[in-house]
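Worksheet: the structure to be examined is printed underneath.
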Amino acid sequence: MKRREFITLLGGAAAWPLSARAQEPKVPVVGFLHSQSPEGLADVVRGFRQGLKETGYVEGESVAIEYRWAANKTERMPELAADLVRRRVAVIAAMDTGSSLPAKGATTTTPIVFLVGGDPVKHGLVASLARPGGNLTGTNFFTSELVAKRLELLRELVPAATRVGVLVNPAYAEVTESTVRDSHMAARTMGMQVRVLEADTSEMINAVFARLARERPDALFVGPGPFFTSRRVQLTQLAARHAIPAIYSQRLSAEAGGLISYGASIADAARQAGIYVGRILKGASPADLPVVQSTKLELVINIQTARMLGLTVPDKLLAAADEVIE
């Protein structure tokens, strides 16, 4: 064998493993889209990763995740969703109501798994819960359906409460309408009076609490929705400053200093969304995956806030709580 032929053959042999490695299949990439900031949402990310893991996908090993956070700047959502589509991610996980419609508007082909409160059919995300029919499916959790139960819990914690402010976001029309209707109905059966208050900006929240300081209601019911969740620190601090007992829909608010929260476990709903993403990565079609109704609810009580407000939490309520924050 000639020397030049030998060198060529040797070079080809040496390069073979590199070529083989280049042909190894890449791990799938999932786009994670959220309208808020990652701060305070570690449980949501953890739940999502857990769902992926349950279907055999581990971040950094068998799947990669591209995170996109809008930091409460909703005008950024369409571009963030379009960016994930341009990157040809295998699935987009739209992890809140504020990201789901922009994701839907960005693509009709990339599979999308959403996580929303309210009715996905009314939101225009799917044709029906049982047969989504397009490139979207996901998880739906309770929001306004729990109004009466939240008022009951508020009464248990503040037995003398008869006048309650109900704070809603007029921009969140579907949920606001049902919250106002259900709060009036529940209040009548409990001998309470409700005054509806509206806010969809930080400035309006300040104005609402200025009004509450003048009118001095016995308690405050904060309606569900992504805006109030994103403003949870402002809300809980104002409630503490004005010594107003308040109930919220998500545990994030209780963790931020709110008195009490009762609602769907968003972490568990995120886990279910992660499972659906994993199933789609394995070949399932979103059109054939019925929307999952997340039914896990959690009651969280912040005992420090209760003490600050001079409230004694009944033993029955403490025993029922999923978590008591000391």
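The values are calculated or read from the model by the stated rules, or taken from the named source; none is laboratory data. Just so it is clear, the model here is predicted, and its values are computed rather than measured. Here Cβ is always computed from backbone atoms with ideal geometry, including for glycine, and neighbour counts include all displayed protein chains.
For Glu79, indicate whether it is charged (D, E, K, R), under 25 Å from Met204 (Cβ atoms), surrounded by fewer than 15 Cβ atoms within 10 Å (Cβ to Cβ) and without any contact (Cβ under 8 Å) to a residue 60 or more places away in the chain. For Glu79, the condition - charged (D, E, K, R), under 25 Å from Met204 (Cβ atoms), surrounded by fewer than 15 Cβ atoms within 10 Å (Cβ to Cβ) and without any contact (Cβ under 8 Å) to a residue 60 or more places away in the chain - is not met. Restricting attention to the stretch 130-158, the residues that are of a type in the set (Lys, Arg) and free of Cβ contacts under 8 Å to residues at least 40 places away in the same chain add up to 1.
Do we have Arg188 as surrounded by fewer than 18 Cβ atoms within 10 Å (Cβ to Cβ), over 26 Å from the mean Cα position of the chain (by Cα) and in contact (Cβ under 8 Å) with a residue 12 or more places away in the chain here?
Numbers: surrounded by fewer than 18 Cβ atoms within 10 Å (Cβ to Cβ): yes; over 26 Å from the mean Cα position of the chain (by Cα): yes; in contact (Cβ under 8 Å) with a residue 12 or more places away in the chain: no.
When the stated conditions are applied, Arg188 does not pass them.
Taking the options Glu75, Glu5, Glu61, name whichever one is acidic (Asp, Glu) and either at pLDDT 95 or above or touching a strand residue (DSSP E or B) at 6+ places or on another chain (Cβ under 7 Å) (or both).
Numbers: Glu75 fails: either at pLDDT 95 or above or touching a strand residue (DSSP E or B) at 6+ places or on another chain (Cβ under 7 Å) (or both); Glu5 fails: either at pLDDT 95 or above or touching a strand residue (DSSP E or B) at 6+ places or on another chain (Cβ under 7 Å) (or both).
The unique qualifying residue is Glu61.
Determine whether Gly98 is in contact with a Ser or Thr (Cβ under 7 Å, 6 or more places away or on another chain), in a helix (DSSP H, G or I) and surrounded by fewer than 24 Cβ atoms within 10 Å (Cβ to Cβ).
Numbers: in contact with a Ser or Thr (Cβ under 7 Å, 6 or more places away or on another chain): yes; in a helix (DSSP H, G or I): yes; surrounded by fewer than 24 Cβ atoms within 10 Å (Cβ to Cβ): yes.
So Gly98 passes the test.
Just one of (1) touching a Ser or Thr at 6+ places or on another chain (Cβ under 9 Å); (2) in a helix (DSSP H, G or I); (3) loosely packed, with under 14 Cβ neighbours inside 10 Å fails for Ala71. It is (2).
Among the residues of the stretch 159-185, count how many are touching a residue at least 24 places away in the same chain (Cβ under 8 Å), part of a loop (DSSP other than H, G, I, E, B) and surrounded by fewer than 21 Cβ atoms within 10 Å (Cβ to Cβ).
Filtering the stretch 159-185 down to residues touching a residue at least 24 places away in the same chain (Cβ under 8 Å) leaves 160-172, 174-176, 178-179, 182-183, 185.
Restricting the remaining residues to those that are part of a loop (DSSP other than H, G, I, E, B) gives 160-162, 169-172.
Among the residues that remain, those that are also surrounded by fewer than 21 Cβ atoms within 10 Å (Cβ to Cβ) are: 160-162, 170-171.
Count: 5.
Take the conditions among the charged types (D, E, K, R), under 25 Å from Thr143 (Cα atoms), in the same structural domain as Ala269 (by TED's automatic domain parsing) and free of Cβ contacts under 8 Å to residues at least 60 places away in the same chain and apply them to Arg86. Does it pass? No; evaluated as a whole, the condition is false for this residue. Among the residues making up the stretch 256-281, those that are hydrophobic (A, V, I, L, M, F, W, C), touching a strand residue (DSSP E or B) at 6+ places or on another chain (Cβ under 7 Å) and farther than 29 Å from Asp218 by Cβ are Ala269, Ala270, Ala273, Val277, Ile280, Leu281.
For the stretch 111-120, the condition holds for at least one residue, the condition being that it is of a type in the set (Gly, Ala, Ser), assigned to a loop (DSSP other than H, G, I, E, B) and either modelled with pLDDT under 90 or touching a helix residue (DSSP H, G or I) at 6+ places or on another chain (Cβ under 6 Å) (or both). The residues of the stretch 42-68 that are within 18 Å of Ala270 (Cα to Cα), part of a loop (DSSP other than H, G, I, E, B) and either free of Cβ contacts under 8 Å to residues at least 40 places away in the same chain or in contact with an Asp or Glu (Cβ under 7 Å, 6 or more places away or on another chain) (or both) amount to a single one, Val58.
Taking the numbered list (1) over 19 Å from His184 (Cα atoms); (2) touching a residue at least 60 places away in the same chain (Cβ under 8 Å); (3) of a type in the set (Gly, Ala, Ser) in turn, Ala127 passes all entries but (2).
With the structure loaded, tell me whether Thr137 is part of a loop (DSSP other than H, G, I, E, B), at pLDDT 95 or above and under 15 Å from Pro286 (Cβ atoms) or whether it fails that test. Against the criterion (part of a loop (DSSP other than H, G, I, E, B), at pLDDT 95 or above and under 15 Å from Pro286 (Cβ atoms)), Thr137 does not qualify.
Checked against (1) part of a loop (DSSP other than H, G, I, E, B); (2) among the polar types (S, T, N, Q); (3) in contact with a helix residue (DSSP H, G or I) (Cβ under 6 Å, 6 or more places away or on another chain), Thr108 passes all but condition (3). I'm checking my understanding of the structure. Among residues of the stretch 218-251 that are among the aliphatic types (A, V, I, L, M) and over 22 Å from Pro314 (Cα atoms), which one is surrounded by the most Cβ atoms within 10 Å (Cβ to Cβ)? So, considering only residues that are among the aliphatic types (A, V, I, L, M) and over 22 Å from Pro314 (Cα atoms), the one surrounded by the most Cβ atoms within 10 Å (Cβ to Cβ) is Leu235.
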